[in-house]
Amino acid sequence: MGWQGKTVIVTGGAQGIGMAVTRLYLFARAGAHLAVSDSDPEAGIEIQQTLRAEGRDVTAVVCDVADEDDVRAMVHAVVAKD
C-alpha cells in the first residue's frame, strides 16, 4: 500500500511510545502527512516544530482520546487540513 497523499494520525504521538512511532518516520518517508495527536499542547507543538525542522510534513492536534468529542474534533481538523 502506498502512503503518498495519505494522512496518518498518531495518537499520543508527542510522548512515550507514540513519539517513538512518530519519530521513526516510516509513514513520512513513504510520503504520508503525519497528524500527531496528543493531550499535551506544548508537547505537540514541540514535536511538530522538531519534525518540520527535519523536513517532515506534520501537524500537531490537541486531543484527549478518552473524550469522544475531542476525537471527533481531531478527525475533523485533520480532514479539513487535507
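The values are calculated or read from the model by the stated rules, or taken from the named source; none is laboratory data. It should be emphasised that the depicted structure is a prediction, and the values quoted were computed from it without experimental measurement. As a convention, Cβ positions derive from the backbone with ideal geometry for all residues, glycine included, and neighbour counts pool all protein chains shown. Note: areas computed on protein heavy atoms with side chains; ligands, DNA, RNA excluded. Shrake-Rupley method; radii C 1.70, N 1.55, O 1.52, S 1.80 Å.
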For the chain, with +1 on Lys and Arg beta carbons and -1 on Asp and Glu, the positive-most of Gly5, Val36, Met19 along the dipole:
Gly5
Accessible surface of the chain [probe 1.4 Å, protein heavy atoms]: carbon and sulfur percent
54
Quick one: what Rg and Dmax do you get for the chain from the alpha carbons, in Å?
11.7, 33
Counting each DSSP H run of 4 or more residues in the chain as -39500 (n - 2.57), what helix-only mean residue ellipticity at 222 nm follows after dividing by all residues, to the nearest 500 deg cm²/dmol?
-14500 deg cm²/dmol
Based on the Kirkwood radius over alpha-carbon pairs, what value in µm²/s does the Stokes-Einstein equation return for the translational diffusion coefficient of segment 29-77 at 37 °C and 0.692 mPa s?
293
Residue-normalised value, i.e. accessible area per residue, for segment 1-61 at 1.4 Å probe, in Å², stands at 55
